[in-house]
Structures are given as C-alpha cells and as structure tokens.
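See below for the structure under consideration.
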Amino acid sequence: MKSHFSYILIIFLFFFTACSKKEEKVTVLKEKNLETQMIEVYNQAMNEFEKGDVIYAGKKFSEAEMLFPQSVWAPRALLMAAYGYFTQGYYNDAITNLERFLINYKNHPQTDYAYYLLALCHYDQIVDEKKDLNELLQSKKYFKILIKNYPDTDYASDSKYKLGLIEEIIASKEMYLARYYIQREKWIPAINRLKIVVNDYDETIFIEEALHRLVELHYKMGLVNEAEKYALLLGYNYQSSRWYEASYKLLNKDYEKRKIASNNKKNTLLKKFKNLFK
C-alpha cells in the first residue's frame, strides 16, 4: 500500500513539473508574440502614413507604443504619431504624445526634436497679441529649453529666431493693454504695463514708445522728476527717435519757439552765403 502511494506521488510530481515548464514556455512565446505584434502595427502605421492618412497612422503609432513600451520602436512610434497629428493641426493630440515621450523616454537621442516639435505645437497656435498668453508662454518655455540644453543644434538656432518674434508679440500685447488703459485715463495700470515692456522686452520695437508713454503719463500726474528720468533714458539711447522728440517737446514748453528761431537763423545764414556768389 505504501509503495502504491509513493508511485502516485511520483506521477503527480512529474505532472506538476511538466505543467510548470509548459507554462513557462507559453509565457515566453507570448512575450515574443507581443513584440512581433507591435512591429506589425508599427509597419501598418508607417504604410498609412506614407499613403497620406496621417490621422489613422497616428492612432496606429500610439497603439504600437502602448503594445510594447519596452521596445526600441516605441519612442519612435510616439514621435511619428506626434508629427502626424502636428502636420494636420491636431495640436492637443500631438502635445499629449510628446509629453508622454518626454516622461517615459528620458535621455533619448531625439529628445531635442521632441522639445522642438512641442514648442512648435504651441507656437503655431499663436493668433495675435489680443489673445490669451498661454500658447505664447508655453512655446517660449520650450524654445528656451532648447537654447539652453541643446545650443549647438539647428533647433536651437531656429528657437532663437522664433523667441525674438514671441517677445515682440508679448511686448505688443503689453502695449495694447497700456494704450487701452491710457484711453480710459487709468494711469497706474497703464504705467505698470509700460514698465513690463521697459524691464522685460527692451530689445523689441516697442521700447521707444513705452519710454515716451512713461514720460507722458508721469508728467500728467505731476511727477516731473520721474518723467525726466524716463526722458533721459530715452534720449540717451534713442536721441534720433520721433518718440524722444515728442518727450522733449512735452518737457520743454519753449521747444517750438526755439525750433522756429533755429530754422530762421539757418535760412538767414543760407541767404547770406548765396549772396556771396551774386
């Protein structure tokens, strides 16, 4: 009876071991099948992309990445999906894929491209200076990352150019708001907007007007010393500017009289000079 029990136990152990090995083998096969399936989906997406159906291709690329994120093809799939959405103006979908890429695949060789495409997604949604600042600030942030972290790339060179345009747009928005407050005789909020232009966007085309408006508003408020301070700054940097001339006229009541007298003197001297040849 004991030997019979031992025989049954040996059979059970043999069966259990065989099942374990079989199960382990099946698991390995599933992993291989998953990677193969991922590559097949990636190739399908690429075929659709080449045919021109980039939206469907983007969905297939995203599907491929989620099937097997550990694959070397997964980050490429995310970038291809983002690019496809970007070309068709589906910026939110592109941004979602790019943010996922930057989180899940840090230090990837194409990280600079991901940041550049992310910046462009926000940059291309900029409408004008009257709209919300979010897209301006987001694109500015990512262009700055490229300039700082990838300075020797073509992406950084283009980022510098676009960053200059962004600062012009932001400065124009501040000037638009300043003029709005000036028209309604709200001097303090207007001054605050103008100071932003002077302090943060002094390399834009709006700096001269901003300085003159500060002269003008402080003068109206009776703060002559402050007005003269901004006039001095304007004159030191932009003496040939029409905005400096406007500030000078404002602070010098006899400007027109002296200008007329100077012109008359020039005309008299010119007449005397011409008379020498008669």
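Read the figures in this text as sums done on the coordinates, not as results from a lab. Note that the structure is a prediction, hence the values are computed from the model and not measured. Here the Cβ is made from the backbone with ideal geometry for all residues, glycine too, and neighbour counts use every protein chain on show.
List of remarks:
- GluC sites (Glu not before Pro) within region 189-229: DSSP coil, no more than 14 neighbouring Cβ in 10 Å: Glu203
- Each other residue within a Cβ distance under 14 Å of Tyr155 adds +1 if Lys or Arg and -1 if Asp or Glu, for a net charge of 0.
- In order along region 65-71, the phi-based Karplus estimate (6.51 cos²θ - 1.76 cosθ + 1.60, θ = phi - 60°) of 3J(HN,Hα) comes to 5, 6, 5, 8, x, 7, 6 Hz; Gly and Pro are listed as x.
- Binning the C-alpha pair distances of region 47-141 at 5 Å intervals from 0 yields a P(r) profile of 3, 15, 24, 22, 18, 10, 6, 2, 1, 0 %, listed from the shortest bin outward.
- Cross-link pairs Lys141/Lys195; Lys140/Lys186; Lys51/Lys106 - those with Cα-Cα distance over 25 Å: Lys140/Lys186; Lys51/Lys106
- Ranked by the mean number of other Cβ atoms within 10 Å of their residues, highest first, the peptides 64-73, 78-87, 34-43 fall in the order 78-87, 64-73, 34-43.
- Under 18 Å from Lys249, Cα to Cα: aspartates and glutamates that are on another chain or at least 8 residues apart: Glu208, Glu209, Glu216, Glu226, Glu228
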